[in-house]
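K.L.:
Handing you a structure now.
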Amino acid sequence: MAMHQSKAQKETVGRVMHEFKHGELKTAGGRKVKNPKQAIAIGLREAGASRYENKEKNRENLKRTKRRERSGATAKEASEGARDRGTTRSELYSEARRRNIPGRSKMNKRQLERALHSH
């Protein structure tokens, strides 16, 4: 029952499933995706391989997703970017203290990254 997918589509579905596995995949409303079937549906839609969309809409979805991936606007890219930079929690905390961000002492690394990004 599997449809043929291009290399770009396979990579997109793989990225979405990676985000799901690591708890980074979110719905349009911002809630974390917990259902594997929902994650697969999101992956297929972003990859432009959904059976429930027409060909033109699937093409648009794939183009939009690839544009987001190139610009680094995905959860996987954001989390890998922080790891690649080698920033530690203590470095982030020091920067948060310098910027005087409230509640910084109770934040974990991801929360510090988010707070620094928004201020």
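The values are calculated or read from the model by the stated rules, or taken from the named source; none is laboratory data. Note that this is a predicted model, so its numbers are computed, not measured. Backbone-built Cβ (ideal geometry, glycine too); neighbour counts: all protein chains shown. All accessible areas refer to the heavy atoms of the entire protein, side chains included, with ligands and DNA or RNA removed. Shrake-Rupley method; radii C 1.70, N 1.55, O 1.52, S 1.80 Å.
K.L.:
Can you tell me how many residues in region 74-108 are of a type outside the set (S, T, Y), outside any loop (DSSP other than H, G, I, E, B) and at pLDDT below 75?
P.N.:
10
K.L.:
Moving on. State yes or no: is Q5 polar (S, T, N, Q), open to solvent by less than 50 Å² (accessible area, probe 1.4 Å), farther than 30 Å from L112 by Cβ and in a loop (DSSP other than H, G, I, E, B)?
P.N.:
Answer is yes for this residue.
K.L.:
On to the next question. Going through region 23-53 one residue at a time, which ones are open to solvent by 100 Å² or more (accessible area, probe 1.4 Å), part of a loop (DSSP other than H, G, I, E, B) and not hydroxyl-bearing (S, T, Y)?
P.N.:
Those that are open to solvent by 100 Å² or more (accessible area, probe 1.4 Å), part of a loop (DSSP other than H, G, I, E, B) and not hydroxyl-bearing (S, T, Y): A28, R31, K34, R51.
K.L.:
Right, next: E46 versus (1) under 13 Å from the mean Cα position of the chain (by Cα); (2) at pLDDT below 90: which is the lone unmet condition?
P.N.:
Checking E46 against (1) under 13 Å from the mean Cα position of the chain (by Cα); (2) at pLDDT below 90, the one that fails is (2).
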